[in-house]
Amino acid sequence: MHVFTTAADLQSFVEASRRAGRRLGLVPTMGALHDGHLHLVQAAAADCDDVVASIFVNPTQFNNPDDLRLYPRLPEQDTALLAGAGCTTLFMPDVAEIYPQPTVLRFDFGPLERVMEGAHRPGHFNGVATVVSKLFHMARPHRAYFGQKDFQQVAIVRQLIADLSFDLELVVAPTVREADGLAMSSRNRRLSPEARAAAPLLHQVLTQAAGQVRQGVAPTEVQAQALATLAQEPQFTPEYFEVADAQTLQPLARYEAGRAVVLCVAAHLGGVRLIDNVVVE
Ligand code: PAF
């Protein structure tokens, strides 16, 4: 596996690869890899000749300094996992490589980012869009792979690709879960044993709510019951639970025939912020 730390080295590699007619897949990550990331790498390896994975803990998308400081960093372990999953090229830049100067450009995704993660983490999607744009320019992939666990991020990246005419295909892979339903996340490593034992409630609440949506229970009622169930577990501090249109991400007052619904939740559990979602077609 090639390992590059500079954009110039990565760019020379991908240009040569493209000239040789090879197809490139990009899996952007912030490291502390789990099976969800490795599924993305395996999907990219099945589709593409070269798989570029990036590991970069992007400071501009963190609105909480403690979250940035405590974000797990495991470069040696990650490197071994990537090589085993079929990654051919690892890009591991430092902050000065990605941000040689502070960025002035600001992204505004309109209503798409005024809800959920965008509303609760000001500036988060500006940071995501900035770094993802830079990675697209540096790695020039034919395909880019993202996980559905970050549902709103996927919607933002889809809009970014459309608005800036990035010549690549977005591939979205389903959320990978632990046996008890907890969505895999790098932040799960920070859960205490007690918090980890309580964590599956997040997915249980989503599953229960999805059943209610299918039965036609009103969105406000689904939301209220989900928040009340989470509040019963003293370790959880729910941040939001939204019943939204899966395309526009806007909260629903009522269901519309033929339009998919997404249920999205964010909650703090023992000092760790977790998110999850399910789509009801
Ligand atoms: O999903 C993530 O890990 C990050 O938001 C991403 C896409 C790698 C950008 O930093």
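The values are calculated or read from the model by the stated rules, or taken from the named source; none is laboratory data. These numbers were taken from a predicted model, which means no experiment stands behind them. All Cβ positions, even for glycine, are placed from backbone atoms using ideal geometry, and neighbour counts span all protein chains on display.
Condition check for Ala197 on (1) in contact with a His (Cβ under 8 Å, 6 or more places away or on another chain); (2) over 26 Å from Phe109 (Cα atoms): one failure, at (1).
Each residue in the stretch 18-29 was checked for being surrounded by fewer than 19 Cβ atoms within 10 Å (Cβ to Cβ) and either part of a helix (DSSP H, G or I) or within 16 Å of the ligand (Cβ to nearest atom) (or both), and 2 of them qualify. Scanning the stretch 135-162 for residues that are without any contact (Cβ under 8 Å) to a residue 40 or more places away in the chain and over 11 Å from the mean Cα position of the chain (by Cα) yields His137, Arg158, Ile161, Ala162. Residue count for the stretch 30-56, restricted to those that are in a strand (DSSP E or B) and more than 15 Å from Val171 (Cα to Cα): 3.
The residues of the stretch 191-244 that are surrounded by fewer than 20 Cβ atoms within 10 Å (Cβ to Cβ) and of a type in the set (D, E, K, R), listed by number, are Glu194, Arg196, Arg214, Glu221, Glu233, Glu239.
Would you say Gln215 is without any contact (Cβ under 8 Å) to a residue 12 or more places away in the chain and either of a type in the set (S, T, N, Q) or within 21 Å of Gln152 (Cβ to Cβ) (or both)? Against the criterion (without any contact (Cβ under 8 Å) to a residue 12 or more places away in the chain and either of a type in the set (S, T, N, Q) or within 21 Å of Gln152 (Cβ to Cβ) (or both)), Gln215 qualifies. When you scan the stretch 167-190, how many residues do you find that are among the charged types (D, E, K, R) and either closer than 19 Å to Ala144 by Cβ or without any contact (Cβ under 8 Å) to a residue 40 or more places away in the chain (or both)? So the count comes out to 5.
Is it the case, given these coordinates, that Arg73 is at negative phi, more than 16 Å from the ligand (Cβ to nearest atom) and not in a helix (DSSP H, G or I)? So Arg73 does not fit the description; no.
When the strands (runs of 3 or more DSSP E) confined to the stretch 189-281 are screened for residues that are out of contact with any strand residue (DSSP E or B) (no Cβ under 7 Å at 6 or more places or on another chain) and farther than 29 Å from Asn64 by Cβ, none reaches at least 3 such residues. The residues in the stretch 253-270 that are crowded, with 20+ Cβ neighbours inside 10 Å and without any contact (Cβ under 8 Å) to a residue 60 or more places away in the chain can be counted, and the count is 2. The residue that is modelled with the lowest pLDDT, among those in the stretch 57-69 that are within 15 Å of the ligand (Cβ to nearest atom) and not in a loop (DSSP other than H, G, I, E, B), is Asp67.
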